[in-house]
Amino acid sequence: MSVVPAPSRIGALWQQRMQSMREYSIVRDGNAFEAGFSDSVIFSSEYDRARVFLDTLLDRYAGVTFDTVFRGREITNEGGTCFSLESRQEYSFLPLDSEQLRTRLLGDLTLVHGIGPAIQKRLNARGYHSIPDLLEHPCFRQQAKTVLSCITGGDSSSIMDLAGSRHSRSHPSVLGAATLHEPEDFVFLDIETLGLFSRPIILFGIGVIERGHLIVHQYLLRDIAEEQAALIATMDHVSGDRPALVTFNGKSFDFPYLMDRLAYYGLGYPATIPHFDVLHFSRRRWKGQFPSLRLAALEREILNVIREDDVPGQMVPEFYESYLRSGNSGPLVPIVEHNRQDVVSLARLFTYLLEVAHGGS
(Lines give C-alpha, C1' and ligand atoms only; values in the text may rest on other atoms or scores of the structure.)
Protein backbone atom coordinates (compact mmCIF):
# COMPACT_ATOMS: atom_id res chain seq x y z
CA MET A 1 0.00 0.00 0.00
CA SER A 2 1.23 3.47 -0.82
CA VAL A 3 0.89 5.97 2.00
CA VAL A 4 -0.07 9.63 1.90
CA PRO A 5 1.50 11.83 4.61
CA ALA A 6 -1.18 13.27 6.90
CA PRO A 7 -1.48 17.07 6.65
CA SER A 8 -0.44 18.95 9.77
CA ARG A 9 -3.15 20.47 11.94
CA ILE A 10 -5.80 18.35 10.25
CA GLY A 11 -7.47 17.83 13.63
CA ALA A 12 -7.89 21.56 14.15
CA LEU A 13 -9.22 22.02 10.62
CA TRP A 14 -11.85 19.34 11.14
CA GLN A 15 -12.86 20.89 14.46
CA GLN A 16 -13.70 24.08 12.56
CA ARG A 17 -15.66 22.24 9.86
CA MET A 18 -17.62 20.07 12.29
CA GLN A 19 -19.32 23.02 13.94
CA SER A 20 -21.66 23.38 10.96
CA MET A 21 -22.11 19.83 9.68
CA ARG A 22 -24.85 18.26 11.80
CA GLU A 23 -26.64 15.74 9.61
CA TYR A 24 -29.78 14.94 11.59
CA SER A 25 -33.06 16.59 12.46
CA ILE A 26 -34.65 16.87 15.90
CA VAL A 27 -38.34 15.93 15.95
CA ARG A 28 -40.95 16.03 18.67
CA ASP A 29 -41.42 12.90 20.73
CA GLY A 30 -44.07 10.68 19.22
CA ASN A 31 -43.81 12.24 15.77
CA ALA A 32 -43.46 8.85 14.09
CA PHE A 33 -44.61 10.24 10.74
CA GLU A 34 -41.75 12.71 10.42
CA ALA A 35 -39.25 10.29 11.92
CA GLY A 36 -40.20 7.68 9.34
CA PHE A 37 -38.78 9.63 6.43
CA SER A 38 -35.14 9.20 7.41
CA ASP A 39 -32.80 7.38 9.74
CA SER A 40 -31.10 10.72 10.42
CA VAL A 41 -33.60 11.99 12.97
CA ILE A 42 -33.58 12.03 16.74
CA PHE A 43 -36.45 12.64 19.15
CA SER A 44 -36.19 15.78 21.25
CA SER A 45 -36.13 13.93 24.60
CA GLU A 46 -33.30 11.67 23.37
CA TYR A 47 -31.38 14.71 22.16
CA ASP A 48 -31.85 16.52 25.48
CA ARG A 49 -30.68 13.48 27.46
CA ALA A 50 -27.61 13.17 25.25
CA ARG A 51 -26.66 16.81 25.77
CA VAL A 52 -26.97 16.42 29.55
CA PHE A 53 -24.97 13.18 29.33
CA LEU A 54 -22.23 14.97 27.38
CA ASP A 55 -21.95 17.69 30.02
CA THR A 56 -21.83 15.04 32.74
CA LEU A 57 -19.00 13.22 30.97
CA LEU A 58 -16.99 16.41 30.57
CA ASP A 59 -17.31 17.06 34.32
CA ARG A 60 -16.61 13.47 35.34
CA TYR A 61 -13.44 13.09 33.28
CA ALA A 62 -12.03 16.60 33.69
CA GLY A 63 -8.30 16.34 34.30
CA VAL A 64 -8.22 12.55 33.71
CA THR A 65 -5.61 11.50 31.15
CA PHE A 66 -6.44 9.50 28.03
CA ASP A 67 -4.26 6.57 29.15
CA THR A 68 -6.12 6.41 32.42
CA VAL A 69 -9.50 6.25 30.69
CA PHE A 70 -8.53 3.72 28.00
CA ARG A 71 -6.29 0.73 28.63
CA GLY A 72 -5.03 -0.15 25.18
CA ARG A 73 -1.89 0.18 23.14
CA GLU A 74 -0.51 2.31 20.37
CA ILE A 75 0.11 0.50 17.09
CA THR A 76 2.26 1.65 14.22
CA ASN A 77 2.14 0.68 10.55
CA GLU A 78 3.01 2.28 7.22
CA GLY A 79 0.11 4.70 7.66
CA GLY A 80 1.33 6.07 10.97
CA THR A 81 -0.02 5.37 14.45
CA CYS A 82 -3.41 4.84 16.05
CA PHE A 83 -4.78 3.49 19.33
CA SER A 84 -5.93 -0.11 19.67
CA LEU A 85 -8.38 -1.48 22.22
CA GLU A 86 -9.23 -5.15 22.70
CA SER A 87 -11.99 -6.92 24.63
CA ARG A 88 -13.12 -10.51 24.71
CA GLN A 89 -15.95 -12.65 25.96
CA GLU A 90 -16.91 -16.30 25.83
CA TYR A 91 -18.81 -17.10 22.68
CA SER A 92 -20.48 -20.30 21.50
CA PHE A 93 -21.11 -21.14 17.86
CA LEU A 94 -23.12 -24.29 17.22
CA PRO A 95 -22.03 -26.64 14.41
CA LEU A 96 -23.56 -25.67 11.07
CA ASP A 97 -25.06 -28.08 8.57
CA SER A 98 -23.69 -27.36 5.10
CA GLU A 99 -25.36 -30.51 3.75
CA GLN A 100 -28.74 -28.95 4.48
CA LEU A 101 -27.75 -26.13 2.14
CA ARG A 102 -26.59 -28.51 -0.59
CA THR A 103 -29.86 -30.46 -0.37
CA ARG A 104 -31.94 -27.30 -0.63
CA LEU A 105 -29.94 -26.03 -3.59
CA LEU A 106 -30.05 -29.32 -5.48
CA GLY A 107 -33.82 -29.43 -5.13
CA ASP A 108 -34.33 -25.87 -6.30
CA LEU A 109 -34.88 -26.13 -10.05
CA THR A 110 -35.53 -22.39 -10.29
CA LEU A 111 -31.78 -21.83 -9.90
CA VAL A 112 -31.59 -22.83 -13.57
CA HIS A 113 -32.16 -19.95 -15.96
CA GLY A 114 -35.54 -20.21 -17.65
CA ILE A 115 -37.23 -22.15 -14.85
CA GLY A 116 -39.70 -20.40 -12.59
CA PRO A 117 -42.09 -21.80 -9.97
CA ALA A 118 -44.74 -22.80 -12.52
CA ILE A 119 -42.26 -24.60 -14.79
CA GLN A 120 -40.66 -26.29 -11.77
CA LYS A 121 -44.08 -27.64 -10.80
CA ARG A 122 -44.58 -29.09 -14.26
CA LEU A 123 -41.07 -30.56 -14.29
CA ASN A 124 -41.65 -32.17 -10.88
CA ALA A 125 -44.80 -33.79 -12.25
CA ARG A 126 -42.71 -35.26 -15.06
CA GLY A 127 -40.16 -36.75 -12.66
CA TYR A 128 -37.51 -33.99 -12.56
CA HIS A 129 -37.06 -33.41 -8.82
CA SER A 130 -33.46 -32.20 -8.62
CA ILE A 131 -30.91 -30.35 -10.69
CA PRO A 132 -29.00 -33.60 -11.41
CA ASP A 133 -32.26 -34.93 -12.90
CA LEU A 134 -32.21 -32.04 -15.37
CA LEU A 135 -28.95 -33.31 -16.86
CA GLU A 136 -31.22 -35.59 -18.91
CA HIS A 137 -33.60 -32.83 -19.97
CA PRO A 138 -33.28 -31.84 -23.65
CA CYS A 139 -33.72 -28.09 -23.02
CA PHE A 140 -32.24 -27.44 -19.57
CA ARG A 141 -29.33 -29.88 -19.34
CA GLN A 142 -26.61 -27.39 -20.27
CA GLN A 143 -27.78 -24.73 -17.84
CA ALA A 144 -28.29 -27.42 -15.19
CA LYS A 145 -24.71 -28.59 -15.66
CA THR A 146 -23.41 -25.08 -14.96
CA VAL A 147 -25.56 -24.70 -11.85
CA LEU A 148 -24.62 -28.14 -10.58
CA SER A 149 -20.93 -27.31 -10.94
CA CYS A 150 -21.43 -24.19 -8.83
CA ILE A 151 -23.33 -26.07 -6.12
CA THR A 152 -20.90 -28.97 -5.83
CA GLY A 153 -17.64 -27.14 -6.33
CA GLY A 154 -18.28 -23.45 -5.85
CA ASP A 155 -17.30 -21.29 -2.91
CA SER A 156 -19.65 -19.26 -0.76
CA SER A 157 -19.40 -16.18 -2.99
CA SER A 158 -20.46 -18.17 -6.05
CA ILE A 159 -23.42 -19.71 -4.25
CA MET A 160 -24.48 -16.33 -2.87
CA ASP A 161 -24.36 -14.86 -6.36
CA LEU A 162 -26.32 -17.78 -7.80
CA ALA A 163 -29.08 -17.77 -5.17
CA GLY A 164 -29.20 -13.98 -4.98
CA SER A 165 -29.56 -13.57 -8.76
CA ARG A 166 -32.38 -16.12 -9.04
CA HIS A 167 -34.17 -15.19 -5.80
CA SER A 168 -33.12 -12.25 -3.60
CA ARG A 169 -30.16 -11.20 -1.50
CA SER A 170 -32.10 -12.08 1.65
CA HIS A 171 -33.01 -15.61 0.50
CA PRO A 172 -32.29 -18.44 2.98
CA SER A 173 -29.84 -19.99 0.51
CA VAL A 174 -27.81 -16.76 0.51
CA LEU A 175 -27.59 -16.88 4.30
CA GLY A 176 -26.94 -20.61 4.07
CA ALA A 177 -23.74 -19.99 2.13
CA ALA A 178 -22.25 -19.03 5.50
CA THR A 179 -22.34 -22.71 6.50
CA LEU A 180 -19.44 -23.27 4.08
CA HIS A 181 -17.25 -21.24 6.47
CA GLU A 182 -15.71 -22.00 9.82
CA PRO A 183 -16.60 -19.63 12.69
CA GLU A 184 -13.03 -18.30 12.61
CA ASP A 185 -13.59 -17.04 9.04
CA PHE A 186 -16.15 -14.41 10.01
CA VAL A 187 -15.11 -10.77 10.40
CA PHE A 188 -17.77 -8.60 12.07
CA LEU A 189 -17.42 -4.92 11.13
CA ASP A 190 -18.97 -1.71 12.43
CA ILE A 191 -17.65 1.84 12.03
CA GLU A 192 -18.30 5.23 13.61
CA THR A 193 -17.92 8.23 11.33
CA LEU A 194 -18.01 12.02 11.40
CA GLY A 195 -20.95 12.07 9.03
CA LEU A 196 -22.81 10.27 6.29
CA PHE A 197 -20.55 10.92 3.30
CA SER A 198 -16.81 11.35 2.65
CA ARG A 199 -15.80 12.28 6.18
CA PRO A 200 -13.25 10.56 8.39
CA ILE A 201 -13.96 7.31 10.20
CA ILE A 202 -13.08 7.87 13.85
CA LEU A 203 -13.53 4.35 15.22
CA PHE A 204 -13.28 0.94 13.55
CA GLY A 205 -14.77 -2.07 15.32
CA ILE A 206 -13.76 -5.58 14.24
CA GLY A 207 -15.00 -8.80 15.84
CA VAL A 208 -13.41 -12.21 15.29
CA ILE A 209 -14.03 -15.64 16.81
CA GLU A 210 -11.06 -17.45 18.32
CA ARG A 211 -11.09 -20.57 20.52
CA GLY A 212 -14.60 -20.09 21.86
CA HIS A 213 -14.26 -16.34 22.37
CA LEU A 214 -15.48 -13.28 20.51
CA ILE A 215 -12.59 -10.81 20.40
CA VAL A 216 -13.41 -7.21 19.55
CA HIS A 217 -10.57 -5.10 18.16
CA GLN A 218 -11.22 -1.36 18.08
CA TYR A 219 -9.01 1.17 16.35
CA LEU A 220 -9.66 4.60 17.80
CA LEU A 221 -8.46 7.90 16.36
CA ARG A 222 -6.96 10.15 19.02
CA ASP A 223 -6.72 12.71 16.21
CA ILE A 224 -8.08 12.78 12.66
CA ALA A 225 -4.53 12.36 11.36
CA GLU A 226 -4.56 8.74 12.63
CA GLU A 227 -7.27 7.58 10.21
CA GLN A 228 -4.89 6.13 7.63
CA ALA A 229 -3.15 3.89 10.18
CA ALA A 230 -6.51 2.72 11.55
CA LEU A 231 -7.72 1.94 8.03
CA ILE A 232 -4.69 -0.23 7.33
CA ALA A 233 -5.03 -2.03 10.67
CA THR A 234 -8.70 -2.72 9.96
CA MET A 235 -8.16 -4.05 6.44
CA ASP A 236 -5.54 -6.48 7.74
CA HIS A 237 -8.42 -8.43 9.29
CA VAL A 238 -10.00 -9.19 5.90
CA SER A 239 -6.83 -10.50 4.27
CA GLY A 240 -6.84 -14.02 5.73
CA ASP A 241 -7.24 -17.33 3.94
CA ARG A 242 -11.05 -17.47 3.85
CA PRO A 243 -12.49 -14.31 5.42
CA ALA A 244 -16.21 -13.57 5.24
CA LEU A 245 -17.42 -10.08 6.13
CA VAL A 246 -20.51 -9.63 8.32
CA THR A 247 -22.16 -6.21 8.76
CA PHE A 248 -25.49 -4.60 9.57
CA ASN A 249 -26.51 -2.42 6.62
CA GLY A 250 -22.87 -2.62 5.60
CA LYS A 251 -23.55 -3.15 1.90
CA SER A 252 -25.21 0.25 1.78
CA PHE A 253 -23.09 2.12 4.34
CA ASP A 254 -20.07 0.63 6.12
CA PHE A 255 -18.34 -1.09 3.20
CA PRO A 256 -18.85 1.70 0.59
CA TYR A 257 -17.68 4.18 3.23
CA LEU A 258 -14.52 2.14 3.80
CA MET A 259 -13.87 2.01 0.06
CA ASP A 260 -14.26 5.78 -0.16
CA ARG A 261 -11.74 6.38 2.64
CA LEU A 262 -9.25 3.88 1.15
CA ALA A 263 -9.52 5.72 -2.17
CA TYR A 264 -8.97 9.04 -0.40
CA TYR A 265 -5.57 7.83 0.81
CA GLY A 266 -4.76 6.00 -2.42
CA LEU A 267 -4.60 2.67 -0.61
CA GLY A 268 -6.41 0.60 -3.24
CA TYR A 269 -9.23 -1.88 -2.73
CA PRO A 270 -9.12 -5.21 -0.89
CA ALA A 271 -9.82 -8.50 -2.62
CA THR A 272 -13.51 -9.33 -3.04
CA ILE A 273 -14.77 -11.52 -0.20
CA PRO A 274 -18.21 -12.87 0.77
CA HIS A 275 -20.32 -10.24 2.50
CA PHE A 276 -23.30 -11.15 4.70
CA ASP A 277 -25.48 -8.12 5.48
CA VAL A 278 -27.55 -9.06 8.53
CA LEU A 279 -30.07 -6.26 7.89
CA HIS A 280 -31.29 -8.07 4.75
CA PHE A 281 -31.88 -11.35 6.58
CA SER A 282 -33.47 -9.54 9.54
CA ARG A 283 -35.96 -7.79 7.25
CA ARG A 284 -36.96 -11.11 5.73
CA ARG A 285 -37.47 -12.76 9.12
CA TRP A 286 -38.99 -9.97 11.22
CA LYS A 287 -40.55 -7.43 8.83
CA GLY A 288 -43.89 -6.35 10.26
CA GLN A 289 -43.20 -8.07 13.57
CA PHE A 290 -41.33 -5.19 15.24
CA PRO A 291 -41.81 -1.43 14.82
CA SER A 292 -38.12 -0.97 14.04
CA LEU A 293 -35.50 -3.22 12.49
CA ARG A 294 -32.49 -1.17 13.53
CA LEU A 295 -29.73 -3.08 15.29
CA ALA A 296 -30.43 -1.43 18.65
CA ALA A 297 -34.11 -2.38 18.37
CA LEU A 298 -33.42 -5.99 17.36
CA GLU A 299 -30.91 -6.48 20.16
CA ARG A 300 -33.64 -5.48 22.63
CA GLU A 301 -36.31 -7.69 21.08
CA ILE A 302 -34.21 -10.75 20.19
CA LEU A 303 -31.11 -10.63 22.39
CA ASN A 304 -32.62 -8.94 25.49
CA VAL A 305 -29.87 -6.30 25.49
CA ILE A 306 -30.78 -2.99 27.13
CA ARG A 307 -28.20 -0.24 26.69
CA GLU A 308 -27.58 2.31 29.41
CA ASP A 309 -25.68 5.58 29.02
CA ASP A 310 -25.56 5.12 25.26
CA VAL A 311 -24.78 7.88 22.77
CA PRO A 312 -27.23 8.14 19.86
CA GLY A 313 -25.42 7.19 16.67
CA GLN A 314 -26.45 10.46 15.02
CA MET A 315 -24.65 12.43 17.74
CA VAL A 316 -21.32 10.60 17.65
CA PRO A 317 -19.72 13.45 15.62
CA GLU A 318 -20.70 16.00 18.29
CA PHE A 319 -19.33 13.89 21.12
CA TYR A 320 -16.09 13.38 19.20
CA GLU A 321 -15.85 17.09 18.41
CA SER A 322 -16.21 17.85 22.13
CA TYR A 323 -13.25 15.55 22.79
CA LEU A 324 -11.13 17.22 20.09
CA ARG A 325 -12.02 20.71 21.25
CA SER A 326 -11.57 20.16 24.98
CA GLY A 327 -8.94 17.39 25.13
CA ASN A 328 -11.28 15.69 27.62
CA SER A 329 -11.54 11.95 26.91
CA GLY A 330 -14.94 11.58 28.57
CA PRO A 331 -17.02 11.99 25.38
CA LEU A 332 -15.08 9.11 23.80
CA VAL A 333 -16.21 6.64 26.47
CA PRO A 334 -19.79 6.09 25.22
CA ILE A 335 -18.61 6.13 21.58
CA VAL A 336 -16.21 3.26 22.25
CA GLU A 337 -18.83 1.32 24.23
CA HIS A 338 -21.52 2.00 21.60
CA ASN A 339 -19.26 0.61 18.87
CA ARG A 340 -18.19 -2.40 20.95
CA GLN A 341 -21.81 -3.30 21.71
CA ASP A 342 -22.73 -2.91 18.03
CA VAL A 343 -20.07 -5.45 17.08
CA VAL A 344 -21.12 -7.89 19.81
CA SER A 345 -24.83 -7.61 18.95
CA LEU A 346 -24.06 -7.95 15.24
CA ALA A 347 -22.19 -11.20 15.89
CA ARG A 348 -24.87 -12.58 18.18
CA LEU A 349 -27.71 -11.68 15.82
CA PHE A 350 -25.92 -13.24 12.84
CA THR A 351 -25.25 -16.39 14.85
CA TYR A 352 -28.88 -16.54 15.96
CA LEU A 353 -30.22 -16.25 12.41
CA LEU A 354 -27.72 -18.75 11.06
CA GLU A 355 -28.17 -21.35 13.79
CA VAL A 356 -31.98 -21.21 13.65
CA ALA A 357 -31.98 -21.71 9.89
CA HIS A 358 -28.93 -23.92 9.35
CA GLY A 359 -27.76 -25.27 12.70
CA GLY A 360 -26.49 -28.80 12.84
CA SER A 361 -28.31 -31.61 14.55
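The values are calculated or read from the model by the stated rules, or taken from the named source; none is laboratory data. Values in this document were obtained by computation on a predicted structure and should not be read as measured data. All Cβ positions, even for glycine, are placed from backbone atoms using ideal geometry, and neighbour counts span all protein chains on display. With ligands, DNA and RNA removed, areas are computed over all heavy atoms of the protein, side chains included. Shrake-Rupley method; radii C 1.70, N 1.55, O 1.52, S 1.80 Å.
Taking 27 Å as the straight-line reach from the Cα of residue 251, the lysines in range (excluding those fewer than 8 positions away in the same chain) are 287.
Where does the charge balance sit around residue 185 when Lys and Arg score +1, Asp and Glu -1, over other residues with C-beta under 14 Å from its C-beta? Residues close to residue 185 contribute a combined charge of -4. Take the solvent-accessible surface of the protein heavy atoms, probe 1.4 Å, and return the percent of it on the chain that carbon and sulfur atoms account for. Within the chain, the accessible surface is 49 percent carbon and sulfur.
Per-residue Karplus couplings for region 211-218, computed as 6.51 cos²θ - 1.76 cosθ + 1.60 with θ equal to phi - 60°, are listed in order as 6, x, 10, 9, 9, 9, 9, 10 Hz, Gly and Pro entered as x.
In the chain, the calculated helix contribution to ellipticity at 222 nm averages -12500 deg cm²/dmol per residue, counting -39,500 (n - 2.57) for every DSSP H run with n ≥ 4. Expressed in Å, the radius of gyration and Dmax of the Cα atoms of region 98-167 are 11.2, 32. The stretch between residue 149 and residue 68, if pulled fully straight at 0.36 nm per residue, gains 23.5 nm over its current Cα-Cα span.
Per-residue Karplus couplings for region 225-230, computed as 6.51 cos²θ - 1.76 cosθ + 1.60 with θ equal to phi - 60°, are listed in order as 5, 8, 4, 4, 5, 5 Hz, Gly and Pro entered as x. Picking from 351, 272, 81, which is most flexible by a Gaussian network model of the chain using Cα springs under 10 Å? Most flexible of the set in this elastic network: 272.
On a per residue basis, the chain carries 49 Å² of accessible surface, using protein heavy atoms and a 1.4 Å probe. Residue separation of residue 283 and residue 26 scaled by 0.36 nm, minus their Cα-Cα distance, works out to 89.9 nm of gained length. Working from Cα pairs under 8 Å separated by at least six residues, relative contact order for region 98-167 is 32 percent.
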